[in-house]
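Asker: Structure provided below as structure tokens; questions to follow.
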Amino acid sequence: MNDCLFCKIVAGIIPSHKIFENDRVFAFLDIGPVSPGHTLVITKAHAENLAANTVEDACALMVAIHDLALKITQAVGAQGYNLGMNHGVAAGQDVLHTHLHIMPRQEGVAREFKKTHPSQEELAKVAEMIRVQLNSAN
Ligand code: AMP
Ligand code: ZN
């Protein structure tokens, strides 16, 4: 096992509020959400950034976004979402394992990119709401 935080989350060594996984992709709530439902979608295979991923994993990431982003948004009662990827330290990438941010947005609420600090219980509730929505939409 390497020393990568997100690899440890995929392996279950570090706990996360998981909402989805398949053979290539893993999705869980960001612990410092800029909005309720802020989700990180990552490739299971370690790669420092998108350019280092295989094309297959890069495609799997986008397929997961296609399938998840709107349902996550609806689950938290939002109407739109921002997608974000910080690619490289110069761009603000803190965790050097490919991840895409899904940030649901409510009409009339300022679109800030400021982290919030919900409790584990609050995050667990949001994750459960999203899982219910994902399961019911299948
Ligand atoms: P970036 O700045 O694009 O590398 O984003 C990394 C994200 O990972 C930040 O939004 C953090 O809040 C988030 N993060 C850091 N540690 C954890 C963790 N243990 N579980 C969930 N999200 C995390
Ligand atoms: Zn990793």
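Asker: So if I average 1/r over every pair of distinct C-alpha atoms in the chain and take the inverse, what Kirkwood radius in Å does that give? Before the final figure, lay out each step's value.
Answerer: Values: mean 1/r = 0.0661 Å⁻¹.
Result for the chain stands at 15.1 Å.
Asker: Right, here's the next one. I want to check a number: in the chain, how many lysine pairs have alpha carbons closer than 24 Å, given a sequence separation of 8 or more or different chains?
Answerer: Eligible lysine pairs with Cα atoms under 24 Å apart amount to 15.
Asker: Quick check for you: with a 1.4 Å probe and neighbouring chains kept, what is the accessible area per residue of the stretch 5-136, in Å²?
Answerer: Working: 7040 Å² over 132 residues.
With all protein chains present, the stretch 5-136 gives 53 Å² per residue.
Asker: Further question on the same structure: Where in the stretch 1-21 is the amide nitrogen less than 15 Å from a point lying 7 Å along the Cα-to-Cβ axis of Gln93?
Answerer: Residues 4-7 fall inside that zone.
Asker: Return the whole-Å distance between the Cα centroid of the stretch 1-71 and the Cα centroid of the stretch 114-130.
Answerer: 17 Å
Asker: Stick to the Cα atoms of the stretch 63-138, pair each with every other, and give me the Kirkwood hydrodynamic radius in Å at one decimal.
Answerer: On the way: mean 1/r = 0.0719 Å⁻¹.
After inverting the pairwise mean of 1/r, the radius is 13.9 Å.
Asker: Got the relative contact order for the stretch 1-99 handy, in percent, Cα pairs under 8 Å and 6 or more residues apart?
Answerer: Details: 117 pairs, mean separation 26.8, N = 99.
About 27 percent, as a whole number.
Asker: When you count, for each residue, the other Cβ atoms within 10 Å and take the mean per peptide, how do 59-71, 119-131, 35-47 rank with the highest first?
Answerer: Working: 59-71: 17.2, 119-131: 15.2, 35-47: 21.8.
Ranked from most to least packed, the peptides come out as 35-47, 59-71, 119-131.
The values are calculated or read from the model by the stated rules, or taken from the named source; none is laboratory data. Quick caveat, the model's predicted, so the values are computed rather than measured. No Cβ is skipped: glycine too gets one built from the backbone with ideal geometry, and neighbour counts run over all protein chains shown. Ligands, DNA and RNA are stripped out before the accessible areas are found, and what is left, the full protein with its side chains, is counted by its heavy atoms. Shrake-Rupley method; radii C 1.70, N 1.55, O 1.52, S 1.80 Å.
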